[in-house]
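Visitor: The structure follows.
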Number of protein chains: 2
Amino acid sequence: MRWLRYSLNGKISYGILDDGDKITAVNGDPLGGYEKTATRLQLADVKIEVPIVPSTFYCVGLNYVKHISTEGMTIPKKPDVGYRANNALLAHGEDVIIPADATRVHYEGELVVVIGKKARNISVDEVKKCILGYTIGNDVSERNWQASDRTFWRAKNSDTFKPMGPWISTEADVSTMQTVVSVNGAQTTCFETADMLFGIEEFISTMSGYLTLHPGDIIWMGTDGSSPNLQPGDRVDVSLTGLGTLSNRFVKQELS
Amino acid sequence: MRWLRYSLNGKISYGILDDGDKITAVNGDPLGGYEKTATRLQLADVKIEVPIVPSTFYCVGLNYVKHISTEGMTIPKKPDVGYRANNALLAHGEDVIIPADATRVHYEGELVVVIGKKARNISVDEVKKCILGYTIGNDVSERNWQASDRTFWRAKNSDTFKPMGPWISTEADVSTMQTVVSVNGAQTTCFETADMLFGIEEFISTMSGYLTLHPGDIIWMGTDGSSPNLQPGDRVDVSLTGLGTLSNRFVKQELS
């Protein structure tokens with residue numbers, strides 16, 4: 001099942017995407033419960049919104065070997081949890097605004113896990129049943145700020161730096177996915193989810209030893225490879241097997 | 001005005017605290033608008049809840065000189081923004097659970113700023129009108145994990161590690177406040193908000209150059225001094241001039 005969060009006439013709702021481009025409108029949402037309605041919509045007639053706004057926005061900072069070596073970091077021995085910020089979330093199809101003083105902006109295509117059920121102290125075997133589904137994230141990063149600042153606040157959490165979507169897929173074989181990133185239609189990065197250092201089950205089970213995961217929380221699972229220096233006008237497409245394509249254009253901030 | 005978020009008969013509401021211990025119930029909330037009702041309650045008859053659950057939970061990692069030197073860090077030259085996580089929030093009067101494998105748990109008493117109005121690209125002079133009010137935070141930290149892990153996830157964001165409250169005060173002279181922390185009634189730390197490296201106006205104005213602050217976002221302004229190693233059974237009181245006292249007991253996690 002594919003859960004789409006969309007707006008129509010100023011109202012944000014959830015719907016179920018089927019037959020490729022049809023939406024069955026629902027009352028309710030995938031976390032609190034829902035009923036299908038008789039209303040059918042066309043995907044082209046609605047605005048796609050960020051598929052979920054989490055209570056806590058988690059990520060895995062370093063989870064693929066090639067990316068870690070590219071960034072000059074050492075390979076972590078255990079899963080440490082990172083954070084991103086809701087202000088930076090951006091929907092599929094919206095523009096990433098490159099800040100006026102940014103000079104080295106990269107993409108990072110990532111698998112995103114969406115939590116469906118409250119979880120604390122769960123074993124590796126119990127993780128899957130706490131997951132609602134999966135979507136795609138682009139962990140946009142300004143590399144000079146990432147190197148110069150003590151934290152990632154503007155390097156990774158400037159407004160519009162966290163595109164996510166286009167929808168949540170509840171079924172996916174996350175062990176055999178390819179992540180393919182293209183800039184202006186030409187493939188620039190390709191990697192396998194099978195190459196993660198810390199898999200979804202291990203990571204979430206470890207987290208749950210110290211913290212409670214809540215329905216709607218999201219975990220971005222990290223990236224591999226490197227990115228070209230993105231330029232104003234570039235369009236970045238992040239595709240994951242079975243999940244669709246997250247597409248955003250990059251434009252330069254205009255100072256008023 | 002003091003905004004209290006409380007629960008009664010399983011329902012969470014906002015109310016206005018007056019005459020010391022009386023609550024005027026309202027319809028609505030301080031961010032979206034409200035109307036007073038004729039219902040009056042006694043503070044002792046309700047459960048105090050966390051005064052706000054933010055969309056993004058910001059903090060200032062290093063903002064007082066003595067604390068920075070105690071932690072062996074260098075004094076930052078510019079304000080870099082940190083993050084904490086909603087899973088860790090805890091109300092006034094609730095118990096901080098010391099994880100079974102934690103060995104060096106410290107308090108950090110902090111002034112908390114609550115954002116009232118959406119803000120982007122604002123000057124230092126415009127900051128005050130975007131603030132709803134102020135409350136108190138205790139940035140509980142496990143120092144061994146803070147030193148050993150790549151991130152602060154379990155060192156600072158284990159469940160119950162972020163007590164906040166008891167209420168939001170809309171008027172406060174933040175430039176002349178004293179923060180006093182006591183353990184089991186004996187004062188252990190005292191410092192002045194006037195000693196912040198980066199003041200509220202400078203910090204928020206800088207943040208707003210790259211990100212949008214939303215109503216309900218919170219910013220924890222950092223701590224000074226050091227803490228004893230807290231033991232199960234200890235009660236920590238954090239008092240800020242004019243804001244009240246945030247009080248929590250520390251207990252050891254019981255493994256089932």
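Every number in this text was worked out from the coordinates using simple rules, so none of it is lab data. Keep in mind that what you see is a predicted model, and the values were worked out from it rather than measured. Because the Cβ atoms are built from the backbone with ideal geometry, glycine has one as well, and the counts that use them run over all protein chains shown.
Visitor: Which distances, shortest first and in nm, link residue A:192 to the matching position in the other copies, using label points set 7 Å out along Cα to C-beta?
Guide: Ordered by increasing distance: 6.3 nm.
Visitor: Right, next: Longest span of chain A, sites excluded, free of GluC sites (Glu not before Pro) in DSSP loop with at most 13 other C-beta atoms within 10 Å?
Guide: On the way: sites that count: A:171, A:254.
Within chain A, the longest run free of exposed GluC sites (Glu not before Pro) spans A:1-170.
Visitor: Taking the Cα centre of segment B:103-256 as origin and charging only Cβ (+1 Lys, Arg; -1 Asp, Glu), how large is the dipole, in debye to the nearest 20?
Guide: On the way: 14 positive and 19 negative charges, 104 e Å.
Using only the charged Cβ atoms, the result is roughly 500 debye.
Visitor: Quick one: what Rg and Dmax do you get for segment A:50-252 from the alpha carbons, in Å?
Guide: Cα radius of gyration and Dmax of segment A:50-252 are 15.7, 47 Å respectively.
Visitor: Further question: For residue B:125, project a label point 7 Å along Cα to C-beta. Then give me every residue of segment B:184-220 with its amide nitrogen under 13 Å of that point.
Guide: none
Visitor: What is the calculated FRET efficiency for residue B:45 to residue A:12, with r their C-beta to C-beta distance and R₀ = 41 Å, to the nearest 0.05?
Guide: Details: r = 37 Å, r/R0 = 0.91.
According to the calculation, E is roughly 0.65.
Visitor: Hey, another quick one. Run the quick spin-label model on residue A:147 and residue B:184: label points 7 Å from Cα toward the beta carbon, then report their separation in nm to one decimal.
Guide: Label-label distance for residue A:147 and residue B:184, simple model: 5.2 nm.
Visitor: Could you give each residue of segment A:194-203 its phi-based ³J(HN,Hα) in whole Hz, using Karplus coefficients 6.51, -1.76, 1.60 with θ = phi - 60°, and x for Gly or Pro?
Guide: 4, 8, 4, 5, 10, x, 4, 5, 5, 5
Visitor: Would you mind listing the distances between the residue B:20 label point and the same position in each other copy? Use 7 Å along Cα-to-C-beta, nm, one decimal, shortest first.
Guide: Distances between equivalent label points, in nm: 7.3.
Visitor: Loop-only trypsin sites (Lys or Arg not before Pro) in segment B:1-91, please: DSSP not H, G, I, E or B, and at most 16 other Cβ atoms within 10 Å. Before the final figure, lay out the partial values.
Guide: Details: sites: B:2, B:5, B:11, B:22, B:36, B:40, B:47, B:66, B:77, B:84; in loops: B:77, B:84.
Listed in order of number, the matching sites are B:77.
Visitor: Would you give the gap between the C-alpha center of segment B:15-32 and the C-alpha center of segment B:101-159, rounded to a whole Å?
Guide: Answer, in whole Å: 25.
Visitor: Mean shadow of segment B:1-49, computed from the convex hull of its alpha carbons, in nm²? Provide the component values of the computation, followed by the final result.
Guide: Values: hull surface 12.9 nm².
The orientation-averaged projected area of the Cα hull of segment B:1-49 comes to 3.2 nm².
Visitor: To continue, here is another question. For segment B:85-91, just list the computed ³J(HN,Hα) in residue order, Karplus coefficients 6.51, -1.76 and 1.60, θ = phi - 60°, integers in Hz, with x standing in for Gly and Pro.
Guide: Per residue, the Karplus-derived 3J(HN,Hα) values read 10, 4, 4, 8, 4, 9, 7 Hz.
Visitor: In Å and from the alpha-carbon atoms only, list the Rg and Dmax of the protein assembly as shown.
Guide: Rg then Dmax for the protein assembly as shown, in Å: 22.9, 67.
Visitor: Need one number: nm distance between label points at residue B:29 and residue A:70, each 7 Å from Cα along Cα→Cβ, rounded to one decimal.
Guide: 4.0 nm
Visitor: Positive end of the charge dipole of chain B (Lys, Arg +1 and Asp, Glu -1 on Cβ, about the Cα centre): tell me which of B:32, B:91, B:107 has its Cα farthest that way.
Guide: Sorting the options by dipole projection puts first B:32.
Visitor: Suppose we consider the axis relating copy B to copy A; can you name the residue of B with the nearest Cβ and state that distance in angstrom as an integer?
Guide: In residue-and-Å form, the answer is B:83, 2.
Visitor: Counting only pairs 8 or more residues apart or on different chains, how many lysine pairs in chain B have their Cα atoms under 22 Å apart?
Guide: Total qualifying Lys-Lys pairs in chain B comes to 19.
Visitor: Moving to a separate point now. Per-residue HN-Hα couplings for segment A:49-59, Karplus 6.51 cos²θ - 1.76 cosθ + 1.60 at θ = phi - 60°, whole Hz, x for Gly and Pro?
Guide: 9, 3, x, 7, 10, x, 6, 10, 10, 9, 8
Visitor: Using a 7 Å offset from Cα along Cα-Cβ at residue A:253, what residues in segment B:189-215 end up with backbone N under 15 Å from the label point?
Guide: B:204-213
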